[in-house]
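Here, each number is a calculation from the coordinates, and none is a lab measurement. None of the values given here were measured: they were computed from a predicted structure. Neighbour counts are summed over all protein chains in view; Cβ atoms, including those assigned to glycine, are modelled from backbone coordinates with ideal geometry.
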Amino acid sequence: MKRILVPVDGSDSAMHALRHAIARARESQAEIHVLHVEPPPHYQEVRLYAMREDIARIHQEACQRLLQDAKDELQREKMPHAAHFAEGEVAHTIARFAESQQIDEIVMGTRGMTAFGQMLLGSVASRVVHFVAIPVTLVK
């Protein structure tokens, strides 16, 4: 069965990419994997207000809520799917996940970064395209 990866970040762009992936998956009877990647939390930024374990738990819960919208959409559409969460540098983590899960295609949104911002920082999408050897479809 073909596997399509859709990285999600809670943005409208990511949800639009998910809907596009659902349409593609129906055509090819593919399974959709949604992945949310978070950079590791910066514990040093939170002073004495919470314990490190509490911060990690709150962070994990927030990420799971973010994934829930994508899972709800996939369940409504009765699509075979799996949801995943990972921590790490976003573009590298998406690429490593795609390789480890034998993903056939990535469908991802663009966040609308300005051309100047992309020139300075690069976008996650453009870096993913650079890191993987499988097709990547970018959805506006």
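With θ set to phi - 60° and the Karplus curve 6.51 cos²θ - 1.76 cosθ + 1.60, what are the ³J(HN,Hα) couplings of segment 98-103 in order, to the nearest whole Hz, using x for Gly and Pro?
Rounded to whole hertz, the list is 4, 5, 5, 9, 6, 6.
Bins of 5 Å, beginning at zero and ending with the bin holding the largest distance: percent of Cα pairs per bin for segment 48-100, please.
The distribution over segment 48-100 is 4, 16, 18, 19, 21, 13, 6, 3, 1, 0, given as percents.
What nm value, rounded to one decimal, do you get for the distance between His84 and Arg26 when each label is placed 7 Å out toward the C-beta?
2.6
Any aspartates and glutamates with Cα under 17 Å of the Lys71 Cα? List them, leaving off those in the same chain fewer than 8 positions away.
Within the straight-line cut-off, Lys71 pairs with Asp9, Asp12, Glu31, Glu61.
Please give me the summed charge of the neighbours of Ser13: other residues whose Cβ is under 10 Å from its Cβ, Lys and Arg +1, Asp and Glu -1.
On the way: positive: Arg111, Lys140; negative: Asp9, Asp12.
Overall, the nearby charge balance is 0.
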